[in-house]
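Take a look at the structure below.
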Amino acid sequence: MAYPKDIGVIDLMMNIPGEDSSQWYEFLKPLLLDKESREQFKMPAQYMFKDIPQTGKLDDYISWTVEQMDKFNIEKAMLGISGPNSRNLEAVRRYPDRFFASVEANPNNGMDEVRKIEHLYHEYGIKAVTGFPSGLCPQVPINDKKWYPIYAKCVELDLPICVCVGVPGPRVPMYPQKVEHIDEVCWFFPELKFVMRHGAEPWTELAVKLMLKYPNLYYSTSAFAPRHYPKAIIDYANTRGADKVMYAGYFPMGLSLERIFGDMEQVPFKDEVWPKFLRENAKRVFGV
């Protein structure tokens, strides 16, 4: 049951850091109404993440990130290439054997967003689409009709969609991310590979129930230190869900790699679950 350090890890959520990292959250400002979030926090869920990694000024943030990955045997990592962080796209170009791309979708943009996904798929070979329903302005619930053209395009291109579910860390309304909304989506799009992000709490038991119900529904561990992985998810991975749960980190947005992989020793996965969790499930679902 010990964490095997010899497996080449695939990390399904990472960013390239930089001096302008605070700009990552500019899109949330219209939704943040409390003074602490707007004026004091460097990241909108700072009350939850006390030791956000600080890299300092570097000449080459991309090469430095690869060095950190090597220390913890991370073979590949998924980077979002939309938004202000152009270093992510540069990293995908410079190190195609170490990084693969995803794009964040905003269903409020209608068909323009669908065309953007198609373009980035052909231009950069994106491997996934991502979504933050509670972080959109205006917010768009998981089962809202605005998402349906994006879900359909993901089916057409055989791309997984990774969606934040559960109570969001930033102080914004949770309704768009209620886990029960996934039921309708997986029912209507049985070919859509839907990957839950950011915990699904406090509805993790419902998340497990839906994964048992739908073969196209998966769970990733993004934004959670391993010592806080929900018990329902660990139990599910150790029984019927070994093919459904996969590793995603949160470096450098909220967690250091030292914290993540130091905690990993405490996760009581069975021996046969570890290779699937750290690598094999991501290879199969994301085609990497």
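A few remarks follow.
- Matching option when the condition is farther than 19 Å from M253 by Cα, among the hydrophobic types (A, V, I, L, M, F, W, C) and outside any strand (DSSP E or B), among I52, I117: I117
- Residues within region 1-25 that are surrounded by fewer than 19 Cβ atoms within 10 Å (Cβ to Cβ) and either at pLDDT 85 or above or part of a loop (DSSP other than H, G, I, E, B) (or both), tallied: 10
- The set of residues in region 177-220 that are crowded, with 16+ Cβ neighbours inside 10 Å, basic (K, R) and either within 21 Å of I234 (Cβ to Cβ) or touching a helix residue (DSSP H, G or I) at 6+ places or on another chain (Cβ under 7 Å) (or both) comprises K193, R197.
- Number of the exception - L89 against (1) over 19 Å from the mean Cα position of the chain (by Cα); (2) within 19 Å of V103 (Cα to Cα); (3) not hydroxyl-bearing (S, T, Y): (1)
- Answer residue from region 270-288, given it is among the hydrophobic types (A, V, I, L, M, F, W, C) and assigned to a helix (DSSP H, G or I) and is farthest from the chain's Cα centre (by Cα) among those: W274
- Count of region 128-142 residues which are over 15 Å from F27 (Cα atoms) and surrounded by fewer than 20 Cβ atoms within 10 Å (Cβ to Cβ): 1
- Failed criterion for E90 (all others in (1) out of contact with any helix residue (DSSP H, G or I) (no Cβ under 9 Å at 6 or more places or on another chain); (2) assigned to a helix (DSSP H, G or I); (3) acidic (D, E) hold): (1)
- Taking region 153-269 as the region of interest, none of the strands (runs of 3 or more DSSP E) fully inside it holds 3 or more residues being closer than 21 Å to N106 by Cα and among the basic types (K, R).
- Within region 35-45, considering residues that are surrounded by 11 or more Cβ atoms within 10 Å (Cβ to Cβ) and over 18 Å from the mean Cα position of the chain (by Cα), the one modelled with the lowest pLDDT: K42
The values are calculated or read from the model by the stated rules, or taken from the named source; none is laboratory data. Since we're looking at a predicted model, the values are computed, not measured. Here Cβ is always computed from backbone atoms with ideal geometry, including for glycine, and neighbour counts include all displayed protein chains.
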